[in-house]
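No lab work stands behind these numbers, since they all come straight from the coordinates. Note that the structure is a prediction, hence the values are computed from the model and not measured. Heads up, the Cβs are rebuilt from the backbone with ideal geometry, glycines too, and the neighbour counts pull from every protein chain shown.
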Amino acid sequence: MHLSNAKPAHPRPGRITRAVAKAAHRLRESRIPFRTGQVVVGDDPFNGRREGTIVVIRSPHLGLRIPGTPSGSLVFFDHRNVRYPE
């Protein structure tokens, strides 16, 4: 028996499927209450307490540009260890 018009077992997902998968992924990610450009204080036992500006947000970490450090260097903190300055 020859099946010349056989279809693949898993067809390529459509636009709706991709949109639903993307929305589900966003729900699973943790919500970070900070935005880029905000000045915050990061407190971490390995990096110490540093004040800087948020440049990168990669859940669950925030990349801070610290004044006085070389250009292009960032210090990453877990968003749970970051707060607004007093």
Inset, instruction - With θ set to phi - 60°, apply the Karplus curve 6.51 cos²θ - 1.76 cosθ + 1.60 along segment 74-80 and write out the HN-Hα couplings as whole Hz, x wherever there is a Gly or Pro. - result: 10, 10, 9, 10, 5, 5, 6
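Based only on other Cβ atoms within 10 Å, what is the fewest-to-most ordering of V56, V41? Walk me through the numbers before you get to the answer.
Working: V56 12, V41 16.
Ranking V56, V41 by Cβ neighbours within 10 Å, fewest first, gives V56, V41.
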Legend entry - Charge dipole (debye, nearest 20) of segment 32-83; +1 at Cβ of Lys and Arg, -1 at Cβ of Asp and Glu: 100
Inset, instruction - Take every Cα pair under 8 Å in segment 32-83 that's 6+ residues apart, average their separations, divide by the length, and report that relative contact order as a whole percent. - result: 33
